[in-house]
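The values are calculated or read from the model by the stated rules, or taken from the named source; none is laboratory data. Being a predicted model, the structure only gives us computed values, none of them experimental. Please note: Cβ atoms are built from the backbone with ideal geometry, for glycine as well, and neighbour counts cover all protein chains shown. To get the accessible areas, we keep the full protein, side chains included, count just its heavy atoms, and leave off ligands, DNA and RNA. Shrake-Rupley method; radii C 1.70, N 1.55, O 1.52, S 1.80 Å.
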Amino acid sequence: MRNSGEIRKAFLDYFENKRHTVISSSSLVPVNDPTLLFANAGMNQFKDVFLGIDKRTYSRAATAQKCVRAGGKHNDLDTVGRTARHHTFFEMLGNFSFGDYFKREAIQYAWEFLTEVVRLPKENLWITIYEDDDEAEKLWQEVAGVAPERIIRMGEKDNFWAMGDTGPCGPCSEIHYDRGADYACKQPECALGVCDCDRWLEIWNLVFMQYNRDEEGNLNPLPRPSIDTGMGLERLTSLLQGVDSNFDTDLFIPLMDSIERMTGIKYDQGEKGFPFRVIADHSRACTFLISDGVLPSNDGRGYVLRRILRRAVRFGRSLGIEEAFLYKNVDVVADIMKDAYPEIEDKKEFVKEVIKMEEDRFLVTLNEGLKKVEEIIAGVKSRGNGIIPGAEAFMLYDTYGFPLDLTEDVAEENRLVVDTDGFKQMMEEQRERARQANKSTGAFAQEVIISELMQGITAGPTIFTGYENTRDESSIIAIIKGDRLIDEAVEDDVLVITANTPFYAESGGQVADAGVITGTQGEMSVENVQKVGSCIVHEGKVQGRLKLGETVSLMVSDAQRLDIARNHTATHLLHKALRQVLGDHAQQKGSLVESSRLRFDFSHLASLSEEELFRIENMVNEFILGVHEVKTQVTGLEDAREYGAIALFGEKYDEQVRVVEVEGVSIELCGGTHVRNTGQIGTFKIISEGSVGSGLRRIEALTGRGAREYLNEVEKSLKAAASALRAAPAEVGNKIEILQHTVKEYEKEIENMKGKISRASSEDLINKAYDLFGSKVLIEKVEAQDAGTLRQNAEMLKDKLGTGIVLLASVSQDKVSLVSFVSKDLVDKGLHAGNIVGTAAKIAGGGGGGRPDMAQAGARDKSKLDEALAAAREMVEKILA
């Protein structure tokens with residue numbers, strides 16, 4: 001037996017002796033490669049070498065590379081702990097040739113290391129090759145002496161590697177270890193290439209990069225073919241240490257011991273040990289990710305880390321751990337890995353601090369979140385469709401910080417599924433709102449470049465004329481394409497700066513104006529406007545030709561400007577109403593004013609009641625009906641404050657400020673565009689209110705045309721409901737209450753009838769029970785509407801049988817339900833209801849358990865139900881005999 005450190009060292013030493021340069025592992029965070037979340041293979045740090053972009057002083061290399069596969073294309077997160085060989089964090093041992101040696105040497109080195117250095121039995125090694133790679137098949141026989149029957153040809157999906165749709169690629173050979181028939185699955189043909197069971201353990205992949213795929217898909221031979229190989233240290237260690245699972249190696253045993261000490265529970269190598277394996281794996285991933293500079297966040301790499309960490313915390317809770325614990329495993333990981341990765345030891349105190357802080361933060365919401373999950377699960381089970389809606393999964397993510405995979409874990413434990421498509425749709429909608437709210441980020445990331453370019457132009461600040469009108473004429477003083485000034489733009493996307501403009505630049509939560517800039521030979525559709533320094537910059541697409549210095553007409557879209565103005569003035573009215581109804585603490589903390597809607601964030605500790613929302617909405621509409629004049633003036637900041645103007649959160653003000661006064665209602669400092677009087681707003685309708693953070697609430701609302709369209713849709717839906725109910729619209733609510741009462745009465749009658757039918761059916765089933773060594777045995781498939789009804793029937797039959805065993809099974813909506821009762825005297829003889837149910841459920845593709853006297857389970861494969869019941873019957877008969 002070798003320890004993992006010796007195995008890692010043996011690999012690197014072997015290849016160093018073969019004139020390979022041993023290169024340290026790169027960081028888990030790829031350098032200059034936006035296509036990757038994390039390093040997930042040994043070749044990542046050599047990608048530019050393979051592409052010919054980078055040159056090294058060596059042509060052969062060997063590494064032990066830190067890898068993470070959790071997020072993006074390569075994601076093993078959901079598989080961790082369920083198999084013996086999958087991990088989020090793992091080490092990949094690899095040897096590489098950059099135009100030096102090729103297939104013959106790669107095969108020779110791999111075979112020699114496995115059979116002579118670490119002494120794996122040759123007869124247990126099998127090879128898979130690409131289906132058209134005759135050269136590899138010949139070399140495996142010639143160099144390694146592998147018998148032809150132990151070389152399996154596979155298709156492109158399994159044995160052809162490509163860096164991307166185009167570029168370096170080639171066939172690969174995989175070395176598999178046959179662990180023997182004891183590990184085989186129950187498929188009729190358990191063979192390499194046919195199934196992916198635990199008998200066949202892939203340990204090493206040799207990639208022969210010999211082609212370059214062009215854009216037409218043609219494979220052209222590379223002038224200097226290369227080699228890229230990868231072997232999982234954890235898998236090789238499990239073989240050399242003679243254990244069935246990676247989790248039983250010295251890379252994980254100390255972590256299992258640590259979890260045992262924290263929980264007081266002995267690690268089980270079977271299904272019950274699943275939480276242990278998840279926590280152990282995630283402890284390693286969190287430790288290495290944080291030590292490489294990744295911190296928990298809500299996007300990108302940080303979000304993946306947060307998912308992993310919170311998943312471990314949740315499984316800790318399933319083992320009875322109520323407080324922060326994961327950070328304690330950092331010391332264990334460091335002790336195991338410090339010789340190979342000394343940075344882990346150096347940074348462990350910082351890593352512990354980060355994990356502890358994130359654990360504490362999550363634990364604050366976890367209890368409430370788990371309660372909410374239980375409510376959702378109860379609701380789903382009562383509806384009987386077995387699906388957690390995407391909206392509810394998103395709410396758990398958005399409000400309680402539950403990553404989707406965590407919700408999926410809980411769902412699976414309750415034999416439910418999550419509507420992932422619905423969740424992803426809501427995530428995308430949120431991202432789109434964020435993109436719209438911050439759409440200037442990408443387009444104007446070159447603010448510094450614009451400022452530098454404008455320094456060479458003798459022109460003053462852009463004069464904004466849009467408060468007075470939406471039309472103007474001006475001369476073009478700059479046209480910018482990328483990082484340079486140009487003299488003209490022809491059919492191109494550019495930035496245009498004029499001496500003056502009526503276009504409002506995005507600011508203070510208000511989006512930019514849209515419209516058209518028209519010249520003598522062309523025009524530009526203005527799609528975005530930003531202020532950079534003292535310049536107002538228009539972004540858009542030129543159709544025709546615009547020239548530097550020419551006089552152009554600038555025309556703002558009047559309809560869009562008015563819609564934006566309606567929503568902006570409405571935010572001032574809403575702010576006033578909130579302070580009136582809730583108190584002066586309800587201060588504006590942010591806003592978004594678009595043409596289609598408004599969003600308003602304010603400080604308040606509790607959710608708003610229906611009565612409060614009604615009062616707020618009604619007050620704003622009263623302000624609108626009052627047709628209050630909206631006046632503006634520019635004055636000194638101190639004078640404005642003395643006048644009673646409210647300065648808003650997060651805004652930076654100059655000494656001279658613009659005051660917007662809704663006469664008799666509100667006075668605020670504001671640089672946005674507004675209506676002339678509140679009557680122009682038309683109407684105001686709140687469509688949502690909710691939390692966006694601790695002590696922070698958000699209202700979304702519509703005004704003007706948007707509100708009218710919304711109310712028209714509501715009225716249309718109300719009329720449709722009224723028609724279906726054969727009632728007047730005003731009577732719909734009362735009619736529904738009557739119908740609900742009637743439905744409840746019918747449901748009671750149905751339940752009574754079901755009970756009578758069940759009792760009648762039970763009488764018939766009693767006759768099917770048979771005597772076995774003095775005990776009654778009843779194992780049958782029956783009809784039942786749901787698992788609850790099935791359990792009631794089984795319990796009733798158990799009571800009637802006296803001494804005996806009952807196992808009933810039913811199929812509802814393609815799902816199998818199983819329930820078993822065992823009388824107390826037979827429990828004392830060694831019969832266990834959980835074992836009976838578990839035996840049947842396992843065959844039918846499910847799982848479950850319970851007490852010795854009662855247990856229930858669910859399964860997916862109804863076609864195996866008869867076989868499952870027969871197996872349970874055989875088990876019972878053996879025990880009673």
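Determine the per residue accessible area of the chain with all protein chains present and a 1.4 angstrom probe, expressed in square angstrom.
Per-residue value: 48 Å².
Just by accessible area at a 1.4 angstrom probe, what is the order of Ile879, Ile836, Ile738 from largest to smallest?
Ile738, Ile879, Ile836
Report the FRET efficiency, 1/(1 + (r/R0)^6), for Asp360 and Leu696, where r is their Cβ-Cβ distance and R0 is 30 Å, rounded to 0.05.
Approximately 0.90, to the nearest 0.05.
Name the residue from Leu77, Ala784, Phe276 whose Cα lies farthest towards the positive end of the charge dipole of the chain, charges +1 on Cβ of Lys and Arg and -1 on Cβ of Asp and Glu.
Ranked along the dipole, the leading option is Ala784.
How big is the gap, in Å, between the Cα center of segment 541-569 and the Cα center of segment 787-805?
Rounded to whole Å, the Cα centres lie 77 Å apart.
Straight-line reach from Lys748: which lysines fall under 16 Å, measuring Cα to Cα and dropping same-chain residues less than 8 apart?
Lys756
Solvent-accessible area of Asp861, probe 1.4 Å, all protein chains present, reported in Å² to the nearest ten, please.
About 60 Å², rounded to the nearest 10.
Please check the chain for the longest run free of GluC sites (Glu not before Pro) that are loop-located per DSSP (anything but H, G, I, E, B) and have at most 10 other Cβ atoms within 10 Å.
656-881
How much net charge surrounds Gln521 when only the other residues with a Cβ under 11 Å from the Cβ of Gln521 are counted, with Lys and Arg +1 and Asp and Glu -1?
That sum, taken over residues with Cβ under 11 Å, equals -1.
Take Val634, project a point 7 Å from its Cα along the Cβ direction, then tell me which residues of segment 528-571 have their backbone nitrogen under 20 Å from it.
530-537
Simple spin-label model, 7 Å along Cα-to-Cβ: Ser609 to Asp134 in nm?
That separation, rounded to one decimal, is 8.5 nm.
Rank these residues by their accessible area, most exposed first, probe 1.4 Å: Val581, Val333.
Order by accessible area, largest first: Val581, Val333.
Estimate the FRET efficiency between Ile738 and Phe274 by the formula 1/(1 + (r/R0)^6), using the beta-carbon distance for r and 41 Å for R0, to the nearest 0.05.
Computed FRET efficiency for Ile738 and Phe274: 0.25.
Put Tyr101, Tyr211 in order of accessible area, largest first, 1.4 Å probe: what do you get?
The ranking, largest first, comes out as Tyr211, Tyr101.
Can you send over the solvent-accessible area of Leu613, 1.4 Å probe, protein chains only, in Å² to the nearest 10?
Estimated to the nearest 10 Å², Leu613 gives 30 Å².
Assigning unit charges at the beta carbon (Lys, Arg +1; Asp, Glu -1) and nothing else, what dipole magnitude in debye, to the nearest 20, does the chain show about its Cα centre?
1720
Which value, to two decimals, describes the C-alpha radius of gyration of segment 721-852 once divided by 2.2 N^0.38 Å?
In units of the 2.2 N^0.38 Å rule of thumb, it is 1.46.
Using protein chains only and a probe of 1.4 angstrom, how many square angstrom of Trp161 are accessible, to the nearest 10?
Roughly 60 Å² of Trp161 is accessible to a 1.4 Å probe.
Over the chain, what relative contact order in percent results from Cα pairs under 8 Å that are six or more residues apart?
5
Counting other Cβ atoms within 10 Å, keep those with at most 12, restrict to DSSP loop, and tell me which trypsin sites (Lys or Arg not before Pro) in segment 677-732 are left.
For trypsin sites (Lys or Arg not before Pro) across segment 677-732 that sit outside H, G, I, E and B with at most 12 neighbouring Cβ atoms in 10 Å, the list reads Arg726.
With charges only on Cβ, +1 for K and R and -1 for D and E, what is the dipole size of segment 503-648 about its Cα centre, in debye, rounded to 20?
Dipole size: approximately 340 debye.
Could you work out the percent of alpha carbon pairs in segment 502-620 separated by over 19 Å, rounded to a whole number?
So the pairs more than 19 Å apart make up 57 percent of the total in segment 502-620.
May I ask you to derive the FRET efficiency for Leu772 and Cys185 from their Cβ-Cβ distance with R0 = 35 Å, giving the value to the nearest 0.05?
It comes out at approximately 0.60.
All other residues with a Cβ under 14 Å from the Cβ of Asp853 taken together, and with Lys, Arg as +1 and Asp, Glu as -1, what is their net charge?
With Lys, Arg at +1 and Asp, Glu at -1, the neighbours total +1.
Past 28 Å, Cα to Cα, is the threshold; run Lys685/Lys735; Lys541/Lys685; Lys768/Lys824 against it and keep the listed order.
Lys541/Lys685
Collect residues whose amide H, placed 1.01 Å from N in the peptide plane, falls under 5 Å from the amide H of Lys776; neighbours closer than 5 in sequence don't count.
Gly804, Ile805
Could you calculate, for the chain, the ratio of the Cα radius of gyration to the Kirkwood radius, expressed as Rg to Rh?
1.04
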